[in-house]
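The structure appears right after this line, and notes come after that.
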Amino acid sequence: MPEAKATGLCQKNNRSMSIPDLLHRLFRPFMRPRADSVMREHAVLCMGPHGLHRMAYTEWGDPDNQKVLLCVHGLTRNSRDFDMLAKALSGDYRVVCPDVAGRGCSDWLRVKFDYTFPLYVSDMVTLIARLGVQHVDWVGTSMGGVIGMLLAGQSQSPVRRLVLNDVGPLITSESLRRIGQYIGQAPEFPTLEAAEGYLRKIGASFGTLTDEQWQHLTRHSMRSIKNGFTFNYDPALADPFHMMPILLDVEAWDAYDRICHPVLAIRGAESDLLRRKTWLEMAERGPRAKLIEFPGIGHAPMLMSEDQITAIRDFLLDPDKGTAGGPRQPS
């Protein structure tokens, strides 16, 4: 929910107040807030290979708006990464941000090897059906982008515009090994301040964030335990990384080449997950993605800064900017 703001109870009152002002002051607490300024929390029941599980999601904007934007997070992240983007776009979209199974407020799966892309795609189809719309636009960071690619490449796909945030059809083995080094460790922290220090260290590639943004990420990345805090995802997400050595890159060009709607490919200029060669190739084949690169950032841009939000807004809302284009940095 939006943070409370100071109400100014100690204001000077040495001047008389007009009747309209008095009525406004009296009835303001009972006024209904604008729909696009309030975050709502929901959940949907999904079916996996070994039973049902609950997927939580946040929602911003007019709940009756048929123009829906799905924002799907990275491997160990959660829906609250998108709070700033969602609020910025909530006047134009009904923005829906799910916690993928095993993350955030969603259920952990009983059978850990069910943490796979087919299940994630199926869950998103269930969510779209729950929302009661035929089409959606999609913003996906890292893993969320892969889910979006796999769904957008299907015939009769509901995805109409796709933003891929620092991910593409080829994922390097080096980046997968790096991720495997920290995922599943589930460190414990005595305080949120200690957790924030750790997150700043492993998230240095996110780029320059404000103290408030780091605190926001930390607060929503943690869950309370007996002795303090730990990350709010299932440590068993690491199981696929530990099953066998990661020796080869992972490719999904077949899915990418089947996409027939506009794509925006965002890259952190220092990214080790999305090679620049792959990123450039994304503009030459398949949907011929529009490219934009943010300097001084690795994997992955957090989509919290005004320039990153503006790039996404322009692509989603301006039909002339949905076409392919050469690489550029934000103006």
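What the table shows:
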quantity: When residues of segment 243-256 are limited to those that are in contact with a helix residue (DSSP H, G or I) (Cβ under 7 Å, 6 or more places away or on another chain) and at pLDDT below 75, the one surrounded by the fewest Cβ atoms within 10 Å (Cβ to Cβ); calculated: 247
quantity: Search result, residues across segment 32-57 that are in contact with a Phe, Trp or Tyr (Cβ under 9 Å, 6 or more places away or on another chain) and modelled with pLDDT under 95; calculated: 35, 36, 37, 38
quantity: Helices (runs of 4 or more DSSP H) completely within segment 207-322 that count 3 or more residues being under 16 Å from the mean Cα position of the chain (by Cα); calculated: 211-221, 306-317
quantity: Test for residue 207: is it surrounded by 16 or more Cβ atoms within 10 Å (Cβ to Cβ) and either more than 22 Å from residue 150 (Cα to Cα) or charged (D, E, K, R) (or both); calculated: yes
quantity: Hits in segment 171-204 (condition: surrounded by 19 or more Cβ atoms within 10 Å (Cβ to Cβ) and modelled with pLDDT of 95 or more); calculated: 189, 195, 196, 199
quantity: Cβ-Cβ under 7 Å pairs, at least 6 apart or on other chains, segment 178-202 side under 20 Å from residue 216 (Cβ atoms) and free of Cβ contacts under 8 Å to residues at least 24 places away in the same chain, far side in a loop (DSSP other than H, G, I, E, B) and not charged (D, E, K, R); calculated: 198/187
quantity: Filtered residues of segment 73-107 (kept if among the polar types (S, T, N, Q) and touching an Asp or Glu at 6+ places or on another chain (Cβ under 9 Å)); calculated: 78, 79, 90, 106
quantity: Flag for residue 88 being buried (at least 16 other Cβ atoms within 10 Å of the Cβ) and modelled with pLDDT of 95 or more; calculated: yes
quantity: Residues of segment 50-62 satisfying the condition of being touching a residue at least 24 places away in the same chain (Cβ under 8 Å), of a type outside the set (Ser, Thr, Tyr) and within 12 Å of residue 123 (Cβ to Cβ); calculated: 53, 54, 55, 56
quantity: Condition check for residue 271: out of contact with any Leu (no Cβ under 9 Å at 6 or more places or on another chain) and closer than 23 Å to residue 181 by Cα; calculated: yes
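Residue by residue, here is whether (1) crowded, with 22+ Cβ neighbours inside 10 Å; (2) in contact with a Cys (Cβ under 9 Å, 6 or more places away or on another chain); (3) closer than 14 Å to residue 169 by Cα; (4) not basic (Lys, Arg) holds:
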site: 260; (1), (2), (3), (4): no, no, no, yes
site: 265; (1), (2), (3), (4): yes, no, yes, yes
site: 268; (1), (2), (3), (4): yes, no, no, yes
site: 282; (1), (2), (3), (4): yes, no, yes, yes
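The values are calculated or read from the model by the stated rules, or taken from the named source; none is laboratory data. Here the structure is a predicted model, which means the values were calculated and not measured. All Cβ positions, even for glycine, are placed from backbone atoms using ideal geometry, and neighbour counts span all protein chains on display.
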